[in-house]
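**Student:** Sharing a structure, written as structure tokens. Questions coming.
The values are calculated or read from the model by the stated rules, or taken from the named source; none is laboratory data. All values derive from a computational prediction rather than experimental measurement. For neighbour counting, all protein chains shown are included, and Cβ atoms are generated from backbone atoms with ideal geometry for every residue, glycine included. In case anyone asks, the SASA skips ligands and DNA or RNA and just uses the protein heavy atoms, side chains included. Shrake-Rupley method; radii C 1.70, N 1.55, O 1.52, S 1.80 Å.
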Protein chains: 2
Amino acid sequence: MRQKAPRIGGPSASERANVKKKNRDLKEECIREGLKIIAKDGIGKLSLREVARRLGVSHQAPYKHFASRDHILAVIVARSFDAFARHLDRHPKTDDPDADMGKMGQAYLEYARRHALEYGLMFNTPLPDGRKHPEMMANAKHAFALLCDALRRKALQRGGALDDEAVMLDALFIWSGLHGLASIAASSTVDTLGIAPPILARSPMHLLRRFSQAMDTPE
Amino acid sequence: MRQKAPRIGGPSASERANVKKKNRDLKEECIREGLKIIAKDGIGKLSLREVARRLGVSHQAPYKHFASRDHILAVIVARSFDAFARHLDRHPKTDDPDADMGKMGQAYLEYARRHALEYGLMFNTPLPDGRKHPEMMANAKHAFALLCDALRRKALQRGGALDDEAVMLDALFIWSGLHGLASIAASSTVDTLGIAPPILARSPMHLLRRFSQAMDTPE
DNA sequence: GCCGAAATGTTGACACTGACAACCTGACAG
DNA sequence: CTGTCAGGTTGTCAGTGTCAACATTTCGGC
């Protein structure tokens, strides 16, 4: 076909042809580039055409790996939930459910602080429909499930009947606090609320201490 | 100019001309219609062209009232923050800071439950740049400020020095829990976590009780 | 009452997007 | 060697946001 002159913007067709099919994983490159776009300009700027341009392929090439824009977004979010779940699972269960929850709480807030973008994507973003993308939500419940498990183990250690409703209510209480503080750390809410960095730095330990105080009060 | 035949879709130019300029507030109509679109199809589907079609005006008419799509979104979010602030201000301050915080907590969670869409817009949505739209964030801090105020009054009643850092840390603790639970109520997270409606219904009182327990433990 | 300015509509145009269709090329299995 | 498949390509269409220029209505000053 006619050799096109290189255009302003992305590489020309001839330049793209020089990128070998072999030795490349375009699907993974699209995911990485997509996350870069989101990180820099926000989710609204995620565009498969822009991803294609940056990777030196045609505008349709990403659509051979992702059915739609929502599909690549679902993969990015699923990867975030998976990484989050693995991060929380680093601490093995011990015989001390309180210590387990303390460690899990720290891990939760640490993940949100270190991976603010991914945390924001999981929880503070309108996501593609979970029913159309069930794999995206496969690990979404993991943190909450770990909390429920630890609270059950704690209740059983205390003896008495296992009150599942009480477990759920306390899991909600703890998860809400963790999620609320994590959301602050993962977004510009910290600036909105005018919280000084030393305060934010101390808030995880303060939150966990208040959790202990609340949970140690008999009902 | 030539009379156009009515087109499939929105009203034709001739039909639109029949809508008098008098007796209409197109700006407010755009805001209401925009919120309807967001409520039904999500923020990604907010489109000024669609707003214009539904209101029977040309695609450019909304742009005479809003500089851009982000500007109408900023107004919608600002209105939500304002309404939220007014809702929280309904309860007057008393001599009992604990009771004040309890009432405010209930009002907070009630707003999120009754106005899930607006709550989600304020906190779980990528917003236009707050620096470009400072009026959007004018009331964003109100809830947190009320908490700080009540905690200061409580500390002063107890006597002793006013530790502003302790006040901020506890305000963060309480706000995080309120925001976390409100976010659950205002989004599909409740389905994600698999929380039964009776549990969710009881969770506000449970959260507030746990707050009291945590706060009544001397440090 | 007239006139100019402002407000707020209109039509038209452009660059960009998402996604569909059809075609092309290289790899691979039989 | 041939057919199929994977994964590229070019082209197209419908829609969007936003800019420009023009038109109409309203309003204030004289």
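**Student:** Rounded to the nearest 20 debye, what is the charge dipole size of the stretch A:23-66 about its Cα centre when +1 sits on each Lys and Arg Cβ and -1 on each Asp and Glu Cβ?
**Tutor:** Dipole magnitude for the stretch A:23-66 comes out near 80 debye.
**Student:** Shape call for the protein assembly as shown from the C-alpha gyration tensor, a ≥ b ≥ c root eigenvalues: rounded (a/c under 1.5), prolate (a/b greater than b/c) or oblate?
**Tutor:** Oblate.
**Student:** Now for a separate question. Mean-square fluctuation check for chain B, GNM, Cα pairs under 10 Å: which of B:113, B:79, B:32 is largest?
**Tutor:** Per the Cα network of chain B with a 10 Å cutoff, B:32 tops the list.
**Student:** What is the calculated FRET efficiency for residue A:202 to residue B:86, with r their C-beta to C-beta distance and R₀ = 35 Å, to the nearest 0.05?
**Tutor:** 0.60
**Student:** Oh, and also: About the Cα centre of chain A, how large is the charge dipole given +1 on each Lys and Arg Cβ and -1 on each Asp and Glu Cβ? Please answer in debye to the nearest 20.
**Tutor:** Result for chain A is approximately 1800 debye, rounded to the nearest 20.
**Student:** Follow-up question, since we're still on this one. Projected onto the charge dipole of the stretch A:60-219 (+1 at Lys/Arg Cβ, -1 at Asp/Glu Cβ, origin at the Cα centre), which of A:177, A:121, A:200 gives the Cα projection farthest towards the positive end?
**Tutor:** Projecting each Cα onto the dipole axis, the largest value belongs to A:121.
**Student:** What is the average number of partner chain Cβ atoms found within 10 Å of a Cβ in A:117-124?
**Tutor:** The mean count of partner-chain Cβ atoms within 10 Å per residue comes to 2.
**Student:** In addition: Specify which residue in the list A:146, A:134, B:37 is farthest towards the positive end of the charge dipole of the protein assembly as shown, using unit charges on the beta carbon of Lys, Arg (+1) and Asp, Glu (-1), about the Cα centre.
**Tutor:** Checking the options against the dipole of the protein assembly as shown, the answer is B:37.
**Student:** Helix-derived [θ] at 222 nm for chain B: sum -39500 (n - 2.57) over DSSP H runs of at least 4, divide by residue count, nearest 500?
**Tutor:** Value at 222 nm, helices only, nearest 500: -20500 deg cm²/dmol.
**Student:** Nearest 100 Å², what total accessible surface is buried between chain B and chain A (probe 1.4 Å)?
**Tutor:** Chains B and A together bury roughly 3800 Å² of accessible area.
**Student:** For a test of the definition: using alpha carbon positions, the gyration tensor, and the 1.5 limit on a/c, classify chain A as rounded, prolate or oblate.
**Tutor:** prolate
**Student:** Could you tell me what percent of the accessible area of the protein assembly as shown is made up of carbon and sulfur, with a 1.4 Å probe and every protein chain present?
**Tutor:** 52
**Student:** From the Cα gyration tensor of the stretch B:131-219, with a ≥ b ≥ c the square roots of its eigenvalues, which class applies: rounded if a/c is under 1.5, or else prolate if a/b is larger than b/c, or else oblate?
**Tutor:** Oblate is the answer for the stretch B:131-219, as a/c is 1.5 or above yet b/c matches or exceeds a/b.
**Student:** Work out the mean other chain Cβ neighbour count within 10 Å for the residues of A:194-200 and drop it here as an integer.
**Tutor:** 4
**Student:** Next up: What is the magnitude of the charge dipole of the protein assembly as shown about its Cα centre, with +1 placed on the Cβ of each Lys and Arg, -1 on the Cβ of each Asp and Glu, and no other charges, expressed in debye to the nearest 20?
**Tutor:** For the protein assembly as shown, the charge dipole is close to 3240 debye.
**Student:** Work through the residues other than residue B:74 whose Cβ is under 13 Å from its Cβ and net out their charges, Lys, Arg +1 and Asp, Glu -1.
**Tutor:** The answer is 0.
**Student:** If I take every Cα pair under 8 Å that is 6 or more residues apart in the stretch B:77-216, average their sequence separation and divide by the length, what percent do I get for the relative contact order?
**Tutor:** 32
**Student:** At 24 angstrom or more along the helix axis (alpha-carbon based) and mean Kyte-Doolittle of 0.0 or higher, what helices does chain A contain? Whole DSSP H runs only.
**Tutor:** Once both thresholds are applied, what remains is A:69-88, A:164-185.
**Student:** What accessible area per residue comes out for the protein assembly as shown, rounded to a whole number of Å², with a 1.4 Å probe?
**Tutor:** Result: 53 Å² per residue.
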